[in-house]
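The values are calculated or read from the model by the stated rules, or taken from the named source; none is laboratory data. What you are looking at is a predicted structure, and each value in this text was computed from that prediction instead of being measured. Every residue, glycine among them, receives a Cβ derived from its backbone with ideal geometry; neighbour counts consider all protein chains shown.
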Amino acid sequence: MMNETPEAALRSRIADLEQQLKLADEGTSRLAQRCLELEKQLQTFYTAHPQKERQTDSPALVQPLLYYDAGFGFSQKDTVKAPDYEYDELNGMVTATFELPETAFNLRLDPGELPCCITDFVFSDDRILCRPVSGVPLHGDGILFLNDDPNFMLEGLNRFPAGMELGVSYCYFPLEPLADDPLFAAVLEGVQYFQKTRVCEQMHLDQLEKTAADQKQTIEALQKNLSELHQANAELSARSKAYESSLENILSSSSWKLTQPLRRLLGLFHRSH
C-alpha cells in the first residue's frame, strides 16, 4: 500500500480541524442559548423585584448610537442619536430611527455599551448587511456579545447620503444582572472557553492552510523544474540523434571510402613517429 502524500495528509488534518470547529460552534450555540433562556427568566424576576442600582439603570449605557465615517474614520463626535428611541425593559424591545447629517462612507451601530445578547434584529433597508463585530452567533438569529462596546458594521452601499433615514428594532438583554448568579457564571465561562478554543483552532487551521499552500507552491516549482529538465533532455536526445545520423552519412559516403587508404597511410606515418 502506497504511503499517504504530505499534501493528502494536510488535507486530512484540515478536514479534521474543520469538523472540530463545527462541533465547538454547536457546543457554543447550545450554551449561549441556555444563557439567553436564563437571562429572560431573570429579566422578568428583576422587573418584578427591583434590585440595587446597576449599570443597566443608566440610559446612556443601553441607548443605541450610530457612528458615521465621513472620510476621517469613526470618532465619538461623529455620532447620531435616535430622537424616537424607545426601550421596553419588560421584554427588552428597542426601536430607533436615525437620520444622517452628512454623507458617510461607513456606518457602525452600537446597540449599547455593555455585554449583552441581541435577538430579533430587524433593519429598515434590506440593501444594507448588518455584520456583528466580535459577537458569538447563537442558534437562530441571536448574537451574544461578551465584551463591552458591542457593535454592528453596516455594509452594502458605497456611500450613505445625507438625510438618509435608518430604522432598527431588536431585543436587547444586558448580561450584567446575571453577573452574580453562579450558574450563569459557569455557563458564561464555558462559552468563553469555547470561543477561545475556536479562535485557537481557527489560527491552527489557517497555519495548516498556509503550510499546504506553501507546499503546493514548492510542488508546482519542482514540477516546473522537472518539465524543464524533460524538455532539455529531449533537446539533447534530438541533437544526439542528429549527430549520429550525420556521422552515419559521412561513414557511408563514397568520399569516406575513397580516402580510406590515405587515412591508413597517415595512421602508419603517425605511429612511426
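The residue that is surrounded by the fewest Cβ atoms within 10 Å (Cβ to Cβ), counting only those in segment 128-144 that are at pLDDT below 90 and assigned to a loop (DSSP other than H, G, I, E, B), is Gly140. For Gly112, the criteria (1) under 23 Å from the mean Cα position of the chain (by Cα); (2) within 14 Å of Leu66 (Cα to Cα) hold in every case but one, which is (1). The condition of being surrounded by 12 or more Cβ atoms within 10 Å (Cβ to Cβ), among the polar types (S, T, N, Q) and farther than 22 Å from Pro174 by Cβ holds for Ser124. Here Asn106 fulfils each of the conditions (1) closer than 30 Å to Arg34 by Cα; (2) without any contact (Cβ under 8 Å) to a residue 60 or more places away in the chain apart from (1). Of all residues in segment 82-126, those satisfying the criterion of being β-branched (Val, Ile, Thr) and assigned to a strand (DSSP E or B) are Val94, Thr95, Thr97, Ile118, Thr119, Val122.
Among residues of segment 76-89 that are modelled with pLDDT of 90 or more, those with a Cβ under 6 angstrom from a residue that is of a type in the set (Ser, Thr, Tyr) and part of a strand (DSSP E or B), sequence gap 6+ or separate chain, pair up as Asp78/Tyr68; Thr79/Tyr67; Ala82/Thr97; Asp84/Thr97; Glu86/Thr95.
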